[in-house]
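Please treat every number below as a calculation from the coordinates, not as lab data. Small disclaimer: the values here were computed from a predicted structure and weren't measured. Don't worry about glycine lacking a Cβ; one is built from the backbone with ideal geometry, like all the others, and counts go over all protein chains shown.
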Amino acid sequence: MKANDGIEINHLGTNNTLVRVTGNARYLLLPIEEKVDDARINVLLNGKIDKTINARLARNKVDYYVPLDLTPYNGNPILLDVATSQDRTTVREASEDACWRKIQLSDTFDTTNREKYRPLYHHTPLYGWMNDPNGMFYKDGVWHLYFQHNPYGSKWQNLSWGHSTSTDLINWTPEPEALEPNGLGMVFSGSCVVDKDGTAGFGKDAIIGLYTSADATQQQSLVWSDDNGETLHFYSGSPVVTLDSEARDPNMFWHAPTQQWVMLLAHALDHEMLIFTSPDLKNWTLQSAFGKGLGAQDGVWECPDLFELPVEGTDEKKWVLICNLNPGGVFGGSATQYFVGDFDGKKFTVDTLADGTVPVKWMDHGKDHYATVSFSDAPDNRRTVIGWMSNWQYAAEVPTMQFRSANTLPRDLTLTKGNDGEYWLKTVPSPETINLRGKRVLSVKSQNIGASGKKYNLPTENDGVCEILLTLDARNAAQMTLSLSNARGEHVDMAFDPASQTFTFDRTESGVTDFSQDFPAVVWAPTLRDSSVQQLRIFIDRSSIEIFDGEGSFVMTNLVFPTDPYNTLTVRSQGGNGQVKDLEIFTINLKK
């Protein structure tokens, strides 16, 4: 049968179909239905398999399309050998699947946003599934963000490296797919560095990447670029690291004191990080392991990062090791913990409490912050990080289809030493986020707040996205509460409790929550200081709320899916009167 001009379909059995593509077009558009199982598609050129993809080809209805790019084939005919797993009684029944009628050739693929909950100012893929940020580096004024991407659907599969670039960390330009699966498997997480001295043999200032090739086993492969990361070439000597146990997510950096490269590798099921060294990014020697039995241990360890930070107000520096784990997060599912200590080029030694124990410290106290790692070679010795804004408990079920998942806002890190003698990460929005501010639509100073509370209108443009700057003084109140709400009665409730030194976030009635039993949640963060005053910087997007303590002591990242945008902020006091010392609300201003 012919689906349309340039496409011929032959059904060979109840679960096998050949699709011959002879038409001249840029894309073959594949019809996708999310609730069905994956079909395996071998793309053949001249009888040889060029690539294998998995796609949920539509059986009953088309939820959306994904493009198979035909330009690499230069107009030569290709053959798709499709094996489905749908139960069929007869070939005639199989031939009636919606995908065979709807598959089509096109010179364009429409990426216009069709999603109510696509963020306005957070990075998202144009289409398809996204999880971990990967290979992040800065060079020649450009921030490069690679990311785990499925170009053939909005569920986890076909993991590749998508690529976006930015000159301001806010406005992101989509780039062509950087890496696709090959004979060693899918492209899992990894890192990139600028090889300033050409130690790897690919020239000075070459971009060198390491990532995990994942198939039956996990191995570490090397890629390189001589065009600032636009094109990543696969190193023929890959894999460069092989182990007899599951290990992934290589993260590397140059260690100047010992004049060598250092790589951390997540020994996932052993709940530890392996530390390797190398003179040339190709030949790696295992030096030590860290973490077994320490910190949160209830999930696999993933996505490590290790870097040195200054301690604010001192001449001291300490090393921070980031460890993402899933499950076992502070509020269930995935989360990011960190350790503070010292590093000698081969071994990381963690700080302990007086009793010899290692405290568990969380980088973010929300439900939706994972796989956070930093940009290499960031300017001005900054340590700038970006995370994946979701949780493995429900990432594949959130109410979007054209795309799934966004990244957090960029954040800059420093260390501070608390009154308890411990070192704590300070996390603040990267300075570039100030450029998001548009009009100031509200300014309030020194307003007393009682039990009846005060209501403030949020901006209505751009679906209510905004930034809120707020300073609360509980004074003699037991608690001060904030509510974001809409006319449907959906609301997010937050509470500052100075006595317990906590800040709480409740999204149990925030809007659409029924896609997962794990989504409705109440989370809390320690304020890390004894004070009646709490400063907040709150970023609201169409499907997320990020709350930063004014001094960087805590941050909370949470997804929300209100049926209508929140349009009211209500501030109340309980057990006494408090005060709004300062309140400013800004619209969000994007270049695009």
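Distance between the pseudo-spin-label points of LEU590 and ARG92 (7 Å out from Cα toward the beta carbon): 5.1 nm.
Close amide H partners of VAL241, meaning residues 5 or more places away or on another chain with modelled amide H under 5 Å apart, are GLN220. Length gained on full extension, LEU126 to SER288, computed as 0.36 nm times the residue gap minus the Cα-Cα distance: 54.3 nm. Placing a label point 7 Å from the Cα of THR22 along the Cα-to-Cβ direction, the residues of region 69-101 with a backbone N closer than 20 Å are 70-71, 73-82, 100-101. With a cut-off of 10 Å between beta carbons, the residues surrounding HIS491 carry a summed charge of -2, where Lys and Arg count +1 and Asp and Glu -1. Pairs of Cα atoms nearer than 8 Å and 6+ residues apart set the relative contact order; for region 431-588 it is 44 percent. Close amide H pairs (under 5 Å, H built 1.01 Å from N) link THR502 with ASP497, THR527, residues at least 5 positions away or on another chain.
Peptides 438-448, 513-523 ranked from most to least packed, by the mean per-residue count of other Cβ atoms within 10 Å: 513-523, 438-448. Ranked by how many other Cβ atoms sit within 10 Å of their own Cβ, fewest first, the residues THR557, THR285 fall in the order THR285, THR557.
Counting neighbouring beta carbons within 10 Å and listing from fewest to most, the residues SER374, SER238 come out as SER238, SER374.
What ranking of ILE7, ILE547 emerges when the number of other C-beta atoms within 10 Å of each C-beta is taken as an exposure proxy, fewest first?
Exposure proxy ranking, most exposed first: ILE7, ILE547.
Summarising the overall dimensions of region 1-158 from its C-alpha atoms, the Rg and Dmax are 17.1, 59 angstrom. Across the chain, C-alpha contacts under 8 Å between residues 6 or more apart give a mean separation that, scaled by the residue count, equals a relative contact order of 11 percent. Each part reduced to its alpha carbon centroid, region 23-92 and region 338-398 end up 39 Å apart. Rounded to two decimals, the Cα radius of gyration of region 29-80 over 2.2 N^0.38 Å is 1.23.
Run the paramagnetic zone check for ASP315: 7 angstrom along Cα to Cβ, then residues of region 403-424 with backbone nitrogen under 19 Å. 415-417, by backbone N distance to the label point. Centre-to-centre separation between the Cα atoms of region 126-185 and those of region 246-292: 23 Å. In order along region 239-245, the phi-based Karplus estimate (6.51 cos²θ - 1.76 cosθ + 1.60, θ = phi - 60°) of 3J(HN,Hα) comes to x, 9, 9, 10, 10, 8, 9 Hz; Gly and Pro are listed as x.
Other residues lying with their Cβ under 11 Å from the Cβ of HIS122 contribute a combined charge of 0, Lys and Arg counting +1, Asp and Glu -1. Using R0 = 56 Å, the C-beta based FRET efficiency linking THR242 and SER516 works out to 0.90.
Across the chain, the volume of the C-alpha convex hull divided among the residues equals 161 Å³ per residue.
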